[in-house]
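Quick note: the coordinates plus some simple rules give every number you see, no bench work behind them. Since we're looking at a predicted model, the values are computed, not measured. Every residue, glycine as well, gets a Cβ built from its backbone with ideal geometry; the counts of neighbours run over all protein chains shown.
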Ligand code: KG4
Ligand code: ZN
């Protein structure tokens, strides 16, 4: 089966074709980052319009590269995300599904991230512990099998990618700041500032990043007031990154111990962070799996592979779905009707 994946939940238009036998056949990605950078964040209306402009040409490009006329099924991101942006993918998938007479599969965006390591050669067996770290989510999920997800912990305030982006903004690094902050941190001394490692000694598996963000803000202000921020920037970035990585690591290792997990996967945009990847591989006493860097951030390939897994699991009815908020743990129940949920 060849499954076309469409991702339009936020500011990346992603399209890919995944073959259940041969793996990934072709993929294309258009990032809207430049469009939103001037506003310092994603503007939903601009995002929807740009998805509409880009999606069909990218579909044609991907099918052309794979040398096929039509796929056997279409998977699209049905949520969570920006509802207008989601509707572009949902509408396109269902329109193409009608034209080509093939099944259309709504995919949960975070399930896409969860299954992104399945795009690699060495794939994890179930069960595994998943650390999902993106611009919108920070979660520890115990994955028993496809669709059997237990959210063990989540952030109580900011998502970790958001903390990276906000800290980067304070340091004048532009948007999105995660990758820029990580680059700057390479030249910094991570032991110069001892920022808080929020929640690491508390029971449970939740995260919190607002206290860390405030500590960094106060430090930035301190240097800014005396005009020496430039000299301290790299050290602040490195010390912040170390605090975040230690926090993520402490919670992940604790959750893995709790479930006696042999395998951990890391996915989502922050999963591209080199320090996080290196430290987890080093300190977890089992196998660690990651998607390649390109498939950590939003992309069509993870939606195609998730759709292919769902299709193999059960032939679902066609449905138009765009759900702004959608709990990952509800996935065992198949969606049966079209729905647009803003809440
Ligand atoms: O998964 P993603 O592409 O979109 C969401 O679903 O949110 O994640 C984007 C987030 C942004 O906050 C970005 O700053 C962060 O991932 N990010 C990074 C790195 N690359 C992307 N954060 C830290 N280090 C990186 N190398
Ligand atoms: Zn994402």
Angle between the chain longest axis and helix 274-283 axis [Cα atoms, degrees, rounded to 10]: 80
How far, in degrees from 0 to 90, does helix 44-66 lean away from the longest principal axis of the Cα atoms of the chain, to the nearest 10? 60
Fewest-first ordering of 76, 126, 290 by Cβ atoms within 10 Å yields 126, 290, 76
Please give the contour-minus-distance gain from residue 257 to residue 49: 0.36 nm per residue of separation, less the Cα-Cα distance, rounded to one decimal in nm. 70.3 nm
May I ask you to compute the full-extension gain from residue 56 to residue 148, defined as 0.36 nm times their residue separation minus their alpha-carbon distance, rounded to one decimal in nm? 29.8 nm
Antiparallel versus total DSSP beta bridges in the range 126-290: what percent is that, nearest 5? 60
Starting from the 7 Å offset along Cα-to-Cβ, what nm value, one decimal, do you get for the label separation of residue 292 and residue 191? 3.7
Tail weight of P(r) past 25 Å, computed on alpha-carbon pairs of the chain, percent: 51
Mean Cβ count within 10 Å, highest first, over the residues of peptides 248-254, 214-220: 248-254, 214-220
In degrees rounded to 10, the 0-90 angle between helix 210-225 Cα long axis and the longest Cα principal axis of the chain is 50
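Which length gain, in nm to one decimal place, applies between residue 100 and residue 122 when the Cα-Cα distance is subtracted from 0.36 nm times their residue separation?
Values: separation 22, 0.36 × 22 = 7.92 nm, distance 3.32 nm.
Separation in residues times 0.36 nm, less the Cα-Cα distance, equals 4.6 nm.
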Could you give the distance between the Cα centres of the range 93-156 and the range 190-212, to the whole Å? 27
I need the shape label for the range 1-144. Rule: rounded when a/c is under 1.5, else prolate if a/b > b/c, else oblate, with a, b, c from the alpha carbon gyration tensor. oblate
Restricting the count to DSSP beta bridges whose residues both fall in the chain, what percent are antiparallel, rounded to a multiple of 5? 55
Per principal axis, largest first, the Cα atoms of the range 126-290 extend in Å by 54, 26, 26
Show me the ranking of peptides 187-197, 162-172 by mean Cβ neighbours inside 10 Å, starting with the highest. 162-172, 187-197
